[in-house]
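The values are calculated or read from the model by the stated rules, or taken from the named source; none is laboratory data. Keep in mind that this is a model prediction, so the values were computed, not measured. Because the Cβ atoms are built from the backbone with ideal geometry, glycine has one as well, and the counts that use them run over all protein chains shown.
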């Protein structure tokens, strides 16, 4: 049996969980709402305190779907109760960020500013008070969407290995290289 799939998903007190037609699971919490369409071969059972994910057979496909949907439902539960956050640092002389009117404006050393409009369900906050480098806080209910937006913003100016300039995750390690050495 799937080790992850057989674990029950705990149901929080202030979370509404419902299974609709066509195996559509809806989770509502204080932070927001998440929906997910479940494969027809996977069955969801709800008790008072937990949610169980069951599969029809022990085939390889059903085993992998079993663990996948249990993890996705658990991620939705955590998203609507606690939410997900990614932190990005902007490192470089003259690199700036500002968020106003629902648009993120980034000055990253190019000849033009870059404008980024976050998708619905993702909030971006620019924090310039804590450190001398600007920090972006990307938060939302959907774990996949928060990670995708953070990766998209990071790809606008990846950290380079010589001076370390660019956008990076706060816990990311950038391997530095030595520059040219003068030959004598």
Quick check on my filter: what residues within the stretch 157-171 are surrounded by 15 or more Cβ atoms within 10 Å (Cβ to Cβ) and either free of Cβ contacts under 8 Å to residues at least 12 places away in the same chain or not in a strand (DSSP E or B) (or both)?
157, 159, 165
Meets criteria (without any contact (Cβ under 8 Å) to a residue 60 or more places away in the chain, under 20 Å from the mean Cα position of the chain (by Cα), in a loop (DSSP other than H, G, I, E, B) and farther than 29 Å from residue 30 by Cα) for residue 132
no
The listed residue being more than 27 Å from residue 10 (Cβ to Cβ), at pLDDT 95 or above and not assigned by TED's automatic domain parsing to the domain that holds residue 17, out of 110, 115:
115
Could you check, for the stretch 57-66, whether at least one of its residues is within 19 Å of the chain's Cα centre (by Cα) and surrounded by 15 or more Cβ atoms within 10 Å (Cβ to Cβ)?
no
What tally of residues in the stretch 95-114 results from selecting those that are in contact with a strand residue (DSSP E or B) (Cβ under 7 Å, 6 or more places away or on another chain) and touching a residue at least 40 places away in the same chain (Cβ under 8 Å)?
5
Say we look at the stretch 100-123 and pick out the residues that are assigned to a loop (DSSP other than H, G, I, E, B) and in contact with a helix residue (DSSP H, G or I) (Cβ under 8 Å, 6 or more places away or on another chain); which of these is surrounded by the most Cβ atoms within 10 Å (Cβ to Cβ)?
118
